[in-house]
Amino acid sequence: MSMREAVAAFVHDGDTVSLEGFTHLVPTAAGHEIIRQGRRDLTVVRMTADIVVDQMLAAGCVTRLVSSFVGNSSAGSLGELRRRIEHADPEPLAYEEYSHYGMVCRYLAGAQRLPFHPLRSYAGSDLPRVNPGIRKVTSPYPAADGTTEEIYVVPPVNPDVTIIHAQRADRRGNTQIWGLTGIQAEAVYAAEKAVVVVEELVADEVVRADPNRTVVPAHAVDAVVVCPRGAHPSFAQGYYDRDNAFYRSWSAISKDPARLREWLAEWVYGTADHAAYVAKLGEEFWASLAVGEALSGPVDYGRRL
């Protein structure tokens, strides 16, 4: 599908939408298309809520955020998010906060259709105090010292749709990722529907020749969208580098509501699709993010004689 078709088919007002990609392969182009199509009242689930979430907030798409980190990826703040959380300006944002591992456990529980997932890392934390979704249960098994143990648990998350970005897929949806793989596979399995956005579509033989890179198999995928450079300003390992200058500029842009809306008007609403966004940046710009070759060594999988 095209990105326009995929968002129209799988993202609806009021949905819970997971957008995953940890520093690497952030599904930015998908977020922009959600903005263009004017989706409203979304719950966005994203472990590392960053620039794309800030942009979707400013566009009025999001009323609830489920996350374990908010920030401009080591380069500053998210102005729109801060205004909404700290001052309810222009309206409040419902925010459900977990730790990184707490979010991992939520995806695991969601993917396995479990009622909850246990973890120890909330001991001593104040997160359970601010998030009633983090609870304790009595373990049915004795602790090492024979006593009864109370352990923290988190609920599953089952998005209506998960959207991830990846390097490549075949036409069936077998999706290959290398570099930082994040929690993408679990986020896909936890969802009712899954859209995979890729840098390129490859022949079946390419996937079959390197099967261990298939992080998300075809049976879990509902749509494949080919969208080169669709992770910008994040990076796609082997395709283009991270746009650090844009990350550094975002704090100043988002700090000023008028300037932020001008940016959206020019770069999202003012572009028909991501191809137009890419063209607007220009080939000289993309050349500055080019990466050199760093080939992986060959592996002999062997075959029956």
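Might you check whether a residue that is crowded, with 18+ Cβ neighbours inside 10 Å and modelled with pLDDT under 95 occurs anywhere in the range 163-182? Within the range 163-182, one or more residues are crowded, with 18+ Cβ neighbours inside 10 Å and modelled with pLDDT under 95. Looking at the range 253-291, which of the residues that are within 24 Å of the chain's Cα centre (by Cα) and acidic (Asp, Glu) is farthest from Val7 (Cα to Cα)? For the range 253-291, the residue satisfying everything is Glu266.
Which members of the range 34-48 meet the condition of being open to solvent by less than 10 Å² (accessible area, probe 1.4 Å) and in contact with a helix residue (DSSP H, G or I) (Cβ under 7 Å, 6 or more places away or on another chain)? The answer is Ile34, Ile35, Val44, Arg46. Inside the range 192-225, residues that are open to solvent by 10 Å² or more (accessible area, probe 1.4 Å) and under 22 Å from Glu33 (Cβ atoms) make up a count of 9. Can you say whether Ala166 is among the aliphatic types (A, V, I, L, M), within 24 Å of Ser296 (Cα to Cα) and not in a strand (DSSP E or B), as far as the supplied structure shows? When the stated conditions are applied, Ala166 does not pass them. Any residue at all in the range 1-22 that is touching a Cys at 6+ places or on another chain (Cβ under 9 Å) and in a helix (DSSP H, G or I)? Yes - at least one qualifying residue is present in the range 1-22. Is it true that some residue in the range 21-29 is touching a Lys or Arg at 6+ places or on another chain (Cβ under 9 Å), β-branched (Val, Ile, Thr), modelled with pLDDT of 95 or more and surrounded by fewer than 22 Cβ atoms within 10 Å (Cβ to Cβ)? There is no residue in the range 21-29 that is touching a Lys or Arg at 6+ places or on another chain (Cβ under 9 Å), β-branched (Val, Ile, Thr), modelled with pLDDT of 95 or more and surrounded by fewer than 22 Cβ atoms within 10 Å (Cβ to Cβ). With a requirement of 2 or more residues that are open to solvent by less than 50 Å² (accessible area, probe 1.4 Å), touching a residue at least 60 places away in the same chain (Cβ under 8 Å) and of a type in the set (Gly, Ala, Ser), the helices (runs of 4 or more DSSP H) lying completely within the range 226-305 that satisfy it span 244-255.
The values are calculated or read from the model by the stated rules, or taken from the named source; none is laboratory data. Everything numeric in this text was worked out from a predicted model, so none of it was measured. FYI the Cβ positions are ideal-geometry reconstructions off the backbone, even for glycines, and counts take in every protein chain you see. Protein only, heavy atoms only, side chains kept; ligands, DNA and RNA dropped before computing areas. Shrake-Rupley method; radii C 1.70, N 1.55, O 1.52, S 1.80 Å.
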